[in-house]
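So the structure is just underneath, and the comments pick up after that.
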Amino acid sequence: MSIYDVVPVTVGDYRRRARRRLPRFLFDYLDGAANDEVTAAANESDFGRYHLLQRVLRDVDGVSTASTLAGREVNMPLALAPVGMAGMYACRGEAQGARAAQRAGIPFTLSTLGICTLEEVAATGRAPWFQLYMLRDRAIVEKLLARAAAAGCDTLLFTVDLPVAGMRLRDYRNGMLGGGIPGKLSYLAQLATSPAWALDVGIRGKPHCIGNLRDVVPDPDDLDAYKAFIDQQFDPTVTWEDIAWLRGIWKGKLYIKGVLEVDDARAAVDTGADGLVVSNHGGRQLDGVASSISKLGAIGAALGEQTEILLDGGIRSGIDLAKALALGADGVLMGRPWVYALAAGGEDAVASLLDVLQRELLVAMALLGIRSIDEFSPELIEELAQ
Ligand code: FNR
């Protein structure tokens, strides 16, 4: 490093680096959201609607960010969120993300649509949490869950806010969706725009396939057929009754991801779920719904005593994390930021980002006058008048 270099520190720093490095269609797939991206923007900006309350002259020696999530001890109450195809952003991308999460002492979540398989990610040392999309062919789901259990996964996040895919217009513009340009051609044509990235990912003209489903598609090397298979497998008929079925075959912890309304949160608890994730899928589904942070308080007040409540959407710093904890979350997930860092600098970059986030949380706690995560309460935060 020379005296002219600047080290990336914040999520914004990693985002800028990722943008420079990635082919545009890939940056946009990660960074983008549904329609006008209003909800995605609000996920971040609505954290500004809340002010933390600084307290002074309290003994804050020995502040600790340690906590538990889904029964697991963690160094801070943060998990890396499932991001489909994150493995496109660096060589063996999900395995790198999982190793960084282990270094930080937090859980990593592998998407159904991960490029790396469950087994590959579990082999990094600690089994990930697994995220499930319900597929029409329940036999495939059963097999996936059996593989997850065999790999040592103890926690399943069942994502319920994607009965159909949201309208991600950047992906349409870039020819990834909408049938304008066949997917395969689109990938290959755009590799040329960023050879450094292509080399890194090890693609060299051969697009990666989604590892977890590789063995169930007719021809995993035909990307167009592959995409068509996955598209028609997403099951829009799923209802609360399917959760009972899931409970029957999944013996580990079950979290319902993608809940925004108190009634749905209550229904999730009634199905026997161990927890829920207040989430609007990072604004990638129904544009125009409220930010997740603005929905947290009501859900926390109604159900905080009965279940574990996680939140995702817009977490970009340890300060955001502190605000979510004060508003009633037991922990948070973070999606785009870890993949920006992965694209910018692989495992080490993700680990550095997590280190900064933990320090930010620690400093915030000391300045709030608290020493442990269980001291977070709504008394540490106020909402600005409208
Ligand atoms: C996602 N998300 C997601 N969620 C899920 O349950 N399964 C998945 O496969 C994916 N895939 C995915 C891809 C990309 C590119 C993004 C950005 C997001 C949603 C994710 O888990 C999480 O809910 C949001 O990313 C949280 O918002 P932030 O942290 O990105 O603002």
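Determine if segment 317-326 includes at least one residue that is outside any helix (DSSP H, G or I) and either more than 20 Å from the chain's Cα centre (by Cα) or within 16 Å of the ligand (Cβ to nearest atom) (or both).
Step one: list which residues in segment 317-326 are outside any helix (DSSP H, G or I), which gives 317.
Checking the rest, the ones that are also either more than 20 Å from the chain's Cα centre (by Cα) or within 16 Å of the ligand (Cβ to nearest atom) (or both) come to 317.
Yes, that holds for at least one residue.
Mind listing just one residue for me: the one in segment 224-240 that is of a type in the set (D, E, K, R) and under 23 Å from the mean Cα position of the chain (by Cα) and, of those, nearest to Asp161 (Cα to Cα)?
Asp235
Out of everything in segment 280-304 that is open to solvent by less than 20 Å² (accessible area, probe 1.4 Å) and in a helix (DSSP H, G or I), what residue ends up being nearest to the ligand (Cβ to nearest atom)? Show your work before the answer.
From segment 280-304, those open to solvent by less than 20 Å² (accessible area, probe 1.4 Å) are 280, 282-283, 291-293, 296, 299-300, 303; that's our starting set.
Checking the rest, the ones that are also in a helix (DSSP H, G or I) come to 282-283, 292-293, 296, 299-300, 303.
Working: Gly282: 3, Gly283: 7, Ser292: 8, Ile293: 10, Leu296: 13, Ile299: 16, Gly300: 18, Leu303: 19 Å.
Among residues in segment 280-304 that are open to solvent by less than 20 Å² (accessible area, probe 1.4 Å) and in a helix (DSSP H, G or I), the one nearest to the ligand (Cβ to nearest atom) is Gly282.
With the requirement that a residue be of a type outside the set (Phe, Trp, Tyr) and near the ligand (Cβ under 9 Å from one of its atoms), what does segment 333-342 give you?
Listed by number, the residues that qualify are Leu333, Met334, Gly335, Arg336, Pro337, Val339.
Given the criteria touching a Ser or Thr at 6+ places or on another chain (Cβ under 8 Å) and over 26 Å from Trp129 (Cα atoms), does Ala290 qualify?
Against the criterion (touching a Ser or Thr at 6+ places or on another chain (Cβ under 8 Å) and over 26 Å from Trp129 (Cα atoms)), Ala290 qualifies.
Answer yes if at least one residue in segment 241-250 is in contact (Cβ under 8 Å) with a residue 60 or more places away in the chain, open to solvent by less than 10 Å² (accessible area, probe 1.4 Å) and within 18 Å of the chain's Cα centre (by Cα), and no otherwise.
The answer is no, given that none of the residues of segment 241-250 is in contact (Cβ under 8 Å) with a residue 60 or more places away in the chain, open to solvent by less than 10 Å² (accessible area, probe 1.4 Å) and within 18 Å of the chain's Cα centre (by Cα).
Would you list the helices (runs of 4 or more DSSP H) that sit entirely within segment 56-168 and hold 2 or more residues that are more than 27 Å from Asp264 (Cα to Cα), away from the ligand (no atom under 16 Å from the Cβ) and without any contact (Cβ under 8 Å) to a residue 24 or more places away in the chain?
Once the helices (runs of 4 or more DSSP H) in segment 56-168 are filtered for at least 2 residues that are more than 27 Å from Asp264 (Cα to Cα), away from the ligand (no atom under 16 Å from the Cβ) and without any contact (Cβ under 8 Å) to a residue 24 or more places away in the chain, what remains is 138-150.
Give the residue, chosen from Pro207, Pro236, Pro218, that is within 19 Å of Gly87 (Cβ to Cβ) and either at pLDDT below 95 or within 16 Å of the ligand (Cβ to nearest atom) (or both).
Unique residue meeting the criteria: Pro207.
Check Ser279, Ser377, Ser372, Ser292 and return the single one that is within 20 Å of Ala104 (Cβ to Cβ) and of a type in the set (Ser, Thr, Tyr).
Within the list Ser279, Ser377, Ser372, Ser292, the selection yields Ser372.
Condition test on Thr117, is it at negative phi and at pLDDT below 95?
Values: at negative phi: yes; at pLDDT below 95: yes.
So Thr117 fits the description; yes.
For segment 26-52, how many residues are within 12 Å of the ligand (Cβ to nearest atom) and either open to solvent by 10 Å² or more (accessible area, probe 1.4 Å) or farther than 21 Å from Ala385 by Cβ (or both)?
Residues flagged as within 12 Å of the ligand (Cβ to nearest atom) and either open to solvent by 10 Å² or more (accessible area, probe 1.4 Å) or farther than 21 Å from Ala385 by Cβ (or both) within segment 26-52 amount to 18.
Has segment 258-277 got any residue that is in contact with a Gly (Cβ under 6 Å, 6 or more places away or on another chain), crowded, with 22+ Cβ neighbours inside 10 Å and not aliphatic (A, V, I, L, M)?
Looking for residues that are in contact with a Gly (Cβ under 6 Å, 6 or more places away or on another chain), crowded, with 22+ Cβ neighbours inside 10 Å and not aliphatic (A, V, I, L, M), one finds none in segment 258-277, hence no.
Would you confirm whether any residue within segment 10-24 is more than 12 Å from the ligand (Cβ to nearest atom), over 26 Å from Leu169 (Cβ atoms) and open to solvent by 20 Å² or more (accessible area, probe 1.4 Å)?
yes
Condition check: among the polar types (S, T, N, Q), closer than 24 Å to Arg72 by Cα and out of contact with any Cys (no Cβ under 7 Å at 6 or more places or on another chain). Does Ser317 satisfy that?
Yes; evaluated as a whole, the condition is true for this residue.
Out of Asp348, Asp330, which single residue is acidic (Asp, Glu), under 27 Å from Gly87 (Cβ atoms) and either open to solvent by less than 10 Å² (accessible area, probe 1.4 Å) or away from the ligand (no atom under 16 Å from the Cβ) (or both)?
Asp348
Do we have Asp5 as at pLDDT below 95, more than 16 Å from the ligand (Cβ to nearest atom) and surrounded by fewer than 22 Cβ atoms within 10 Å (Cβ to Cβ) here?
Working: at pLDDT below 95: yes; more than 16 Å from the ligand (Cβ to nearest atom): yes; surrounded by fewer than 22 Cβ atoms within 10 Å (Cβ to Cβ): yes.
So Asp5 fits the description; yes.
Scan segment 256-263 and tell me whether some residue there is more than 16 Å from the ligand (Cβ to nearest atom), under 18 Å from Pro107 (Cα atoms) and not polar (S, T, N, Q).
No; the residues of segment 256-263 include none that is more than 16 Å from the ligand (Cβ to nearest atom), under 18 Å from Pro107 (Cα atoms) and not polar (S, T, N, Q).
Would you confirm whether or not segment 305-316 contains a residue that is more than 18 Å from the chain's Cα centre (by Cα), at pLDDT 95 or above and open to solvent by less than 40 Å² (accessible area, probe 1.4 Å)?
Checked segment 305-316: at least one residue is more than 18 Å from the chain's Cα centre (by Cα), at pLDDT 95 or above and open to solvent by less than 40 Å² (accessible area, probe 1.4 Å).
The values are calculated or read from the model by the stated rules, or taken from the named source; none is laboratory data. Keep in mind the model is a prediction, meaning the values are calculated, not measured. Glycine gets a Cβ as well: all are built from the backbone with ideal geometry, and neighbour counts include every protein chain shown. All accessible areas refer to the heavy atoms of the entire protein, side chains included, with ligands and DNA or RNA removed. Shrake-Rupley method; radii C 1.70, N 1.55, O 1.52, S 1.80 Å.
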